Amino acid sequence: MAEALDWRNARLRATRDLSPDIRLFEIEPAGKFVAPTPGSHFNVLVHINGRPDVRNYSAVGPCTDGVYRIAVKRLAGSRGGSAYMWSLEPGAQLTISTPGNHFELSRGCSDYLLLAGGIGITPIFTMTLALIDTGADFRLLYAVRRRQDLALADELRERVGRRLELFVSQEGRRVDIAAEIARLRPDGEFYVCGPIGMLEDAKRAWQQSGRPVDQLRFETFGNSGRFASEPFKVKIPRLGLEIDVPLTQTMLEALESAGVDMIYDCRRGECGLCALPILQTDGIVDHRDVFFSDEEKAANSKLCTCVSRVIGGSISVDTADR
């Protein structure tokens, strides 16, 4: 099971580096143009080790000129999608979906708090521009490890002014999420996109604040675990299978490649559809999802196969009898 997509051919018009490891791609789709909304993403067909696969990337800006824009961060431990995208030259042919949105920006709120970590700035950037256009009250917090990691910061500073606050951890600045939430009006909304640790901290602070759950909106990216990724082995005793999960694949992708019938949707650790029960593990389960609670992750009874990994050992799981 997967997200319903409307695929179309496209051409890479231009690229531009936003930071040493973040590149902006301008893509011209064929056919009728469907404009993205703030928080939208595109699914892009990539080729990894000679086989097709799909990656999704957030829309950058409103794209009102008929050109889609995405930003791709290249990571040394990536599963191959970013390496493929970075290999493309202007003029390359692509297959891209129309925009979808799992991270929608609501309108008419009295106050907004936006928090971006690293490459998480891409959907938050688009939301910020939309809020500027409507004259909404908001504050934008942008956290990175190093100053050179800042992408789109100059554009934002020019448009946002003092409503933008930068936090560079290498320079000793970190976001006090609880204090920032306390400054938000009672009916204000909090939008977060960043690594898993940031999202967990935000969810915990929001819960402790006692504010309504539906006023917190978030999106994650699945490569942001607490441990460095490494290959591991997954066993399914009921099916008599033992499958290697390489560094360049998720557990879900490895299971699919081995012919295991899987259910999934978001592939980002948000919906929980791909979760499987854990029977046994001799390693550390690096839970990278935002679907399970802290208590559920500590119980170690299930994991989201689309993003979570095992460190220093193997894992035995079961699958639904389908």
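Read the figures in this text as sums done on the coordinates, not as results from a lab. Just so it is clear, the structure is predicted and the values come from calculations on it, not from any experiment. Every residue, glycine among them, receives a Cβ derived from its backbone with ideal geometry; neighbour counts consider all protein chains shown.
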### Message
Using the alpha carbons of segment 129-223, what is the convex hull volume per residue in cubic angstrom, as a whole number?
### Response
118 Å³
### Around CYS109: net Lys/Arg minus Asp/Glu count, Cβ-Cβ under 10 Å
-2
## Note on the structure
ARG11 neighbourhood, Cβ < 13 Å, K/R = +1, D/E = -1, net charge -1
### Query
With charges set only on the Cβ (+1 for Lys and Arg, -1 for Asp and Glu), what does the dipole of the chain come to about its Cα centre, in debye to the nearest 20?
560 debye
### Query
Roughly speaking, what is the centre-to-centre gap between segment 243-273 and segment 64-120 when only Cα atoms are used, to the nearest Å?
21 Å
### Message
Give me P(r) over segment 165-314, computed from all C-alpha to C-alpha distances, binned every 10 Å, as integer percentages.
### Response
10, 37, 30, 17, 6, 1
## Note on the structure
Cα extents of segment 232-317 per principal axis, largest first, Å, are 31, 27, 25
### Radius 14 Å from Cβ of ALA136, net charge of other residues (Lys, Arg +1; Asp, Glu -1)
0
### Task
Please state, to two decimals, what the Cα-based radius of gyration of segment 1-122 comes to when divided by 2.2 N^0.38 Å (N = residues).
1.07
### Message
Quick check on the exposure proxy: order SER40, SER209 from fewest to most C-beta atoms within 10 angstrom.
### Response
SER209, SER40
### Assigned charges on the beta-carbon of Lys, Arg, Asp, Glu; segment 23-86 dipole about Cα centre (debye)
260 debye
### Query
To the nearest 20 debye, what is the magnitude of the charge dipole of segment 232-317 about its Cα centre, counting +1 on the Cβ of each Lys and Arg and -1 on the Cβ of each Asp and Glu?
120 debye
### Summary
One would report the antiparallel percent of DSSP beta bridges in the chain, rounded to the nearest 5, as 65 percent
### Query
Helix-derived [θ] at 222 nm for the chain: sum -39500 (n - 2.57) over DSSP H runs of at least 4, divide by residue count, nearest 500?
-5500 deg cm²/dmol
### Task
Could you state the orientation-averaged shadow area of the convex hull built on the Cα atoms of the chain, in nm² to one decimal?
16.8 nm²
### Query
Taking a 21 Å limit on the Cα-Cα distance, which of the listed pairs LYS203/LYS297; LYS73/LYS297; LYS73/LYS235 fall beyond it?
LYS73/LYS297; LYS73/LYS235
### Range of Cα positions in segment 60-168 per principal axis (Å), largest first
42, 33, 24
### Summary
Given the candidates LEU303, GLN208, SER293, the one whose Cα lies deepest towards the positive end of the charge dipole of segment 205-322, counting +1 at each Lys or Arg C-beta and -1 at each Asp or Glu C-beta, is GLN208
